[in-house]
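Read-outs throughout are calculated quantities, based only on the coordinates presented, and are distinct from any laboratory measurement. What you see is a predicted model; the values in this text were computed from it and never measured. Heads up, the Cβs are rebuilt from the backbone with ideal geometry, glycines too, and the neighbour counts pull from every protein chain shown.
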Amino acid sequence: MGGIGIWQIVLILAIVLILFGAGKLPRVMGDVAKGVKSFKAGLKEDPEEEGVKEVQKSAEVDISPDPSEQATEAAPVSSANENKEASKG
């Protein structure tokens, strides 16, 4: 009752044959086969491997701060504290 029978498959094939014609049918089926093949290849790829590769790439990046940047970052913080003390007094 809930499955697809042989007559439904024959009807679907007849409609496809009418829509695409006998000349285009092999090309369409070839495109479908390529799509299925690439889909299966995509399923075989391990998403965890991609995550590991991204982490390795980010680990290779030099994240040490430049000494000149440290000096410029410290200056505004100290001047902000001085401004607060000056406004209080």
Open item on the list: Quick check: pseudo-label points 7 Å beyond the Cα along Cα→Cβ at residue 12 and residue 44, how many nm apart are they?
Closed with: 2.6 nm
Task: Label-point separation in nm, residue 36 to residue 20, each point 7 Å along Cα→Cβ - done: 1.2 nm
Task: Which of 24, 44 has the fewest Cβ neighbours within 10 Å, and the rest in rising order - done: 44, 24
